[in-house]
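Before any comments, here is the structure.
Here, each number is a calculation from the coordinates, and none is a lab measurement. Just so it is clear, the structure is predicted and the values come from calculations on it, not from any experiment. Here the Cβ positions follow ideal geometry from the backbone for every residue, glycine too, while neighbour counts run over all protein chains shown.
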Amino acid sequence: MLVVMSVTATEEQVQEVRRHIEADGLTPHESRGEERVVIGVVGNVGLRKEQVMNHLAGLPGVDTVTPVSKPFKLTSREFHPQDTVIEVGGTTIGGGSLTVIAGPCAIESRDQLLTTADAVAEAGATVLRGGAFKPRTSPYSFQGLGMDGLRFLVEARERTGLPAVTEVMEPGQMALVAEYADIVQIGARNMQNFPLLMAAGKIERPVMLKRGISATIEEWLMAAEYIVSSGNPEVILCERGIRTFERYTRNTLDLTAVPLLHKLSHLPVIVDPSHATGKRWLVPPMAVASVAGGADGIMVEVHPKPDDALSDGEQSLTLEMFAQMAPVLRQVHGQVEPIVAADV
Ligand code: PEP
Ligand code: MN
């Protein structure tokens, strides 16, 4: 439920409402808008719902108490009508900015990463990507450089000034990866790894949550809800294609997710056309389509020699392809006014 404080409510009244919520065994989450404070109440309220709502509605400074109609609460637009805007490592994600994340699928060597990082920075990327711990379908495939990869990522960040995103696969590694990365990625295969999501809720780094391979929008937002309700409001959603009957592409890019998520949620939405399509030549047109469709940014894989890549070479852009694509994204972004969904 949402406790909407009145415009004239004092700070003491807000604190008093929080104390009552906690005394009821529930957790308050505040959202401070320009005019008023909204307190999201989460927890298992069960049959006590009406009683708790009436109790809170009677407290001084409370304007209204309303139930949230969706199963996701803190990630919903109802709770937080304004867009979440994330400031990280000198760049802004969400709120009308264009985020361009680029880099190799996996960090393979210092040289491979630094060459890619220099090139994508020069071409206008705003965030560097690179996997150190890789979730691979086969146990015999390259699993990533681990700690060495993280160290190279830090070097690349220092050299280019770009904040870096990298994946974490287990809760026990969360704090470690968060020490090295500016943004922590939770991959498609781990979207419903609930202990991992809760661990991501405890770090002071933005989290990029990729859509599960066959996850519905609601399951995805519920996964984001785990992170936010565990204490971390800075979640970026990344659409990366879903598994369908179609085999020409690695996955099927669900571009409707972009306006749909913007309607349902306040979190920034990024599109990854590399994993969505699996084919290099399909990446630029789908990246442009994503930006035209209102995405807050894109994430693409880039490799100096895609044919020699240890993972995902087929879908990796060459340095030249990235340099050609980046200005087109900016051009399209500058011309598209996001079409805001009307309530129907
Ligand atoms: C990745 O972005 O490195 C990755 C493994 O993608 P996904 O989790 O979407 O498959
Ligand atoms: Mn990849």
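Worth pointing out:
- Whole-angstrom Cα spans of the stretch 121-278 along principal axes, big to small: 39, 38, 35
- Over the chain, DSSP H runs of length four or greater, each weighted -39,500 (n - 2.57), average out per residue to a 222 nm ellipticity of -10000 deg cm²/dmol.
- The chain: most fluctuating residue of 133, 194, 322 per GNM, C-alpha cutoff 10 Å: 194
- Cβ-based net charge around residue 159, under 12 Å, with every Lys or Arg adding one and every Asp or Glu removing one: -2
- Low-density loop cleavage sites - chymotrypsin sites (Phe, Trp or Tyr not before Pro) in the stretch 134-171, where at most 10 other Cβ are within 10 Å (DSSP): 140
- DSSP bridge pairs, the chain: antiparallel proportion in percent, nearest 5: 40
- With coordinates expressed along the principal axes, the C-alpha atoms belonging to the stretch 160-202 extend over 34, 19, 13 Å, beginning with the largest.
- When the chymotrypsin sites (Phe, Trp or Tyr not before Pro) in the stretch 209-257 are filtered for DSSP coil states and for at most 11 other beta-carbon atoms within 10 Å of their beta-carbon, the remaining sites are 245, 248.
- Sparsely packed loop sites in the stretch 232-276 (the GluC sites (Glu not before Pro) outside DSSP H, G, I, E and B with at most 15 other Cβ atoms within 10 Å) comprise 246.
- Mean projected area in nm² (Cα convex hull; one quarter of hull surface) for the stretch 2-66: 3.8
- Net charge over other residues, Cβ less than 12 angstrom from the Cβ of residue 313 (K, R count +1; D, E count -1): -3
- Note on residue 134: lysines with a C-alpha under 29 Å away, same-chain residues under 8 apart excluded, are 202, 210, 279, 305.
- Subtracting the Cα-Cα distance of residue 70 and residue 194 from their residue separation scaled by 0.36 nm leaves 42.7 nm.
- The base-10 log of I(q)/I(0) for the stretch 215-264, evaluated at q = 0.19 Å⁻¹, reads -0.69 [Debye formula, identical scatterers on Cα atoms, solvent excluded].
- For the stretch 222-344, the calculated P(r) over all alpha carbon pairs, in 5 Å bins from 0 to the bin holding the longest distance, is 2, 11, 19, 20, 19, 15, 10, 4, 1, 0 percent.
- Spatial separation of Cα centroids for the stretch 271-340 and the stretch 236-265, in angstrom: 14
- Counted residue by residue at 0.36 nm each, then reduced by the alpha carbon distance between them, the extension gain from residue 244 to residue 10 reaches 79.0 nm.
- Alpha-carbon centroid distance for the pair the stretch 33-98 / the stretch 122-180, whole angstrom: 33
- The chain - Kirkwood radius from inverse mean 1/r over Cα pairs (Å): 20.9
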